[in-house]
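Student: Here's a structure for you.
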Amino acid sequence: MTVLEAIREVQIPLLAAMLLGGCTAKLARTLRPGAGDKGAGPTVLFPMRMRLPLALTMCAVEAGLALGLILTAGSRIGAGAPATCVRLGTFLLFLVATSALIELRQTRPDAGCGCFGDFSTAPVSGRTLARSVLLAIAALATLGLRPIEPPASAGAALELIIVLCVELVVIGILSPEVGEGLIRLGYSEPCELRYIPAARTVAALRRSKAWRRYSGLVSSGTPSDVWRELCWRYVVYPGSVQGRRAEIVFAVFLQHRRPAVHVAVVDAATGLPFSPGAVEAGTPAQPSPGGMSQPSADLAAASAAIAGPRAQPTAAQSTPTAPTAASVVQAARTAHLARVRDLLLSMNLYAAP
Amino acid sequence: MPSGPAGYACCDRCATLTGPAEAGARQGLTAGDMVAGPSAAVARRRVLKAAVFAPRSGQDASWSTRPQQNGHRQPGEPADTSHERATFADPGRLPRTVFGIIQDVSPHVLVLGEGPREQRFTLTPNAVAWRGAQLEPAALHQGDRAVVRLTPSGRQVADRIWANIGRVTGVILERSGGTLVVDEGATRAPQVVRLQPRSVGRIQVRFPTLEPGYLVDIIGLRTGTELIGMIPATSQPGYPAGRLPEPPLISGHVPDSISGSATWHEPRDEPPGVLGVAYPALDPGTGCAEDMAGARPGSSRMPYLALGSVLRVRNDCTDTDCLVPVTGCATIARLFNDRCVTCGTSPRGRVADLTMASFIALGGELERGCFNATITIGA
């Protein structure tokens, strides 16, 4: 087997793999709710109502050609004219794709090629075009190729593998999607933007050393307030220190494992923090029976308290008759406005008429 | 009667935002009284947050299970803003706002009132009014609902009047000729916008697709429940509201200050004169009424905050700033990936949806719709 023949033989599985990969990625994007008719790649050149059918047609064509390339590669099925038709179709597909990308680059320079769905969001560049041209040439090279047989020797197999690897490297260099994929693999969302449910924060707090130390001051397993700012969630429990009403404020850093926890014990009457000495003196050796022996029940109570500001719709949902969407919205709206008014009154920002 | 006291300008109240305990003390309330209900607890959050992160001399290290190392704060930890408090704006620096019905107006005096009560304001020689267009204050009509900007130097001196101004921002539900029905969010009633015939061309330059599903933001004159649309407040995003572009991936930590566009909204159910800001990214776990009603996710990523969080909002065009509490969620504002071009082009879309009073206090002109702003979180 000459090197040229090896190169031609490698193109069949390579083209099939590229087509199947592109089809799968496109299908995943197309079938995602709300994204199907948003348009990706050359489909954005068409009216919105045609984008979804076009994207699905592209997927079907790519899948059909990939399967056709695989099935007609050997001598058992479809050797001869069927194989030539499939390979010619593949060549035409990449030729049309190249032309469409050139058109896309001129009319919508901001749009990605959409070749591999969500991974292909980078604007069409010379690399993208070169890859499409390379694949068209690869498809052209398969025309007239004899049926593929298993390699006769280990040397021939090695030769094929080397050719395949070299071509994969070339395609990788020409693919902006590789960089995008690597970025996504290593991407970690900043904690300020990461959504972490409040119940998970409370659960993490209950496992913390700070909780074990200060839970003795807590008089109720249900937090009186829970809110979040940036990377911190604040959980406030009512309690008592040396007979005075207190609030134990836990600030929990929003990370999944072993979050940092800061604590303050505040006098409920004055709003001033207790001195560490007073807190130490008021901390019992064992946790008080504030429901702490039942973590799961506490978590449920905590979750209910977290839903406190929206307690009305939650309560309504628990009644036998299901509330209408309008009543839930109305209840939420009323509660929200009441909270805002109280907030502003307390901050002295609003004087009621 | 003006619907709020003339003295509740932005920074002269915000300057006391070091905690509601102080505000409560002024009102004769104890902190215990203030935590009587969950709503008051929202206002108490700043006190409790300050208690957690306030530096304590001789503090037992065990107060924090993971003390800060080398003096560096954790990502997202509230900044020590003591130096910022020291440079708070002069209370007499920013204009204040009053709302009311025009009882009488002359070139020199404006009388606002409601029922038997009325309040008089002296107009400065260069005072201007807006009622669909710039005009002399004397040209305003009796019965117009006015938003009046008072000068910082005088409590009864006005230099700017907006009459019957309104704004509708949302998603078009229906269109029938020149009339639009606009969805402003799940917790607000749909709004009817009737495009003024002579303004249709101007509006369509900025909003070429006035079709259901597309976003619209129009300023005009309010007549009862309708808005006569006259001015496009921004340029229409090219996408329908249901097909928002994917938000970009953000790496590293979000900066404390974010620049973008600050807009304003009509009070609707809120009391007029509220000094607050609707923020586009309230924590979904805190029960934002809009989020509960199934609001759409936004196209931009903003750090999560809660009701009662305080932002420092700076008008980049006038270089004025003040602290403003978060009083609502801006679920419609987060759909807009537009830019404010009042002074240069804002680097991103809407970062704050201010109440009218806050917008005016920060030097915004209502008919312009927005100003370039920088918000600082954790102030």
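None of the figures in this text is laboratory data; all of them are computed from the coordinates on show. Every value quoted in this text rests on a predicted model; they were computed, and no experiment measured them. No Cβ is skipped: glycine too gets one built from the backbone with ideal geometry, and neighbour counts run over all protein chains shown.
Student: Rounded, prolate or oblate: which fits region A:1-142 when a ≥ b ≥ c are the square roots of the eigenvalues of the alpha-carbon gyration tensor, with rounded for a/c under 1.5 and prolate only if a/b beats b/c?
Tutor: Prolate, because a/c is 1.5 or more and a/b exceeds b/c.
Student: Can I ask one more? What is the magnitude of the charge dipole of region B:257-377 about its Cα centre, with +1 placed on the Cβ of each Lys and Arg, -1 on the Cβ of each Asp and Glu, and no other charges, expressed in debye to the nearest 20?
Tutor: Roughly 360 debye, rounded to the nearest 20.
Student: Size of the dipole of region B:166-232 about the Cα centre, Lys and Arg at +1 and Asp and Glu at -1 on the beta carbon, nothing else charged, in debye to 20?
Tutor: 280
Student: Take peptides B:237-245, A:167-175 and line them up by average Cβ neighbours within 10 Å, highest first, as a rough protection proxy.
Tutor: B:237-245, A:167-175
Student: Within 10 Å of each Cβ in B:263-275, how many Cβ atoms from other chains are there, averaged over the peptide?
Tutor: Shielding by partners across B:263-275 averages 3.
Student: If you don't mind, another one. Could you list B:Glu114, A:Glu103 in order of exposure, starting from the residue whose Cβ has the fewest other Cβ atoms within 10 Å? Don't skip to the answer; put the middle values down first.
Tutor: On the way: B:Glu114 16, A:Glu103 13.
The fewest-first ordering by Cβ neighbours comes to A:Glu103, B:Glu114.
Student: Taking the Cα centre of region B:115-194 as the origin, how large is its charge dipole in debye, to the nearest 20, when only Lys and Arg (+1) and Asp and Glu (-1) carry charge on their Cβ atoms?
Tutor: Using only the charged Cβ atoms, the result is roughly 160 debye.
Student: Also: Please express the Cα-Cα pair-distance distribution P(r) of region B:96-163 as a list of whole percents, one per 10 Å bin, running from 0 to the bin with the greatest distance.
Tutor: Over region B:96-163, the share of Cα pairs per 10 Å bin runs 24, 63, 13, 0 percent.
Student: Still on this structure, please answer the following. To the nearest 0.05, how large is the calculated FRET efficiency for B:Asp104 and B:Ser257 if R₀ is 41 Å and r is the Cβ-Cβ distance?
Tutor: Between B:Asp104 and B:Ser257 the formula returns 0.35.
Student: Next up: Based only on other Cβ atoms within 10 Å, what is the fewest-to-most ordering of B:Ser309, A:Ser224, A:Ser153? Provide the component values of the computation, followed by the final result.
Tutor: Numbers: B:Ser309 27, A:Ser224 19, A:Ser153 9.
Listed from fewest to most nearby Cβ atoms, that is A:Ser153, A:Ser224, B:Ser309.
Student: For each of B:Met230, A:Met50, B:Met302, count neighbouring Cβ atoms within 10 Å of the residue's Cβ, then give the residues from fewest to most.
Tutor: Working: B:Met230 20, A:Met50 14, B:Met302 26.
Lowest count first: A:Met50, B:Met230, B:Met302.
Student: Does region A:194-271 come out rounded, prolate or oblate by the C-alpha gyration tensor, with a ≥ b ≥ c the root eigenvalues, rounded set by a/c under 1.5 and, if not, prolate when a/b is larger than b/c and oblate if not?
Tutor: Note, shape of region A:194-271 comes out prolate.
Student: Which listed residue (B:Leu275, B:Ala306, B:Leu366) has the Cα farthest towards the positive end of the charge dipole for region B:257-377, taking +1 on Lys and Arg C-beta and -1 on Asp and Glu C-beta about the Cα centre?
Tutor: B:Ala306
Student: Run the numbers on region B:166-232 and let me know its relative contact order in percent, using alpha-carbon pairs under 8 Å that are six or more apart. Write out the running numbers ahead of the final one.
Tutor: Details: 146 pairs, mean separation 25.7, N = 67.
38 percent.
Student: Let me ask something additional. Using only the alpha-carbon atoms, what does region B:257-377 span along each of its principal axes? Please give whole angstrom values in decreasing order.
Tutor: Its Cα atoms span 36, 29, 24 Å along the three principal axes.
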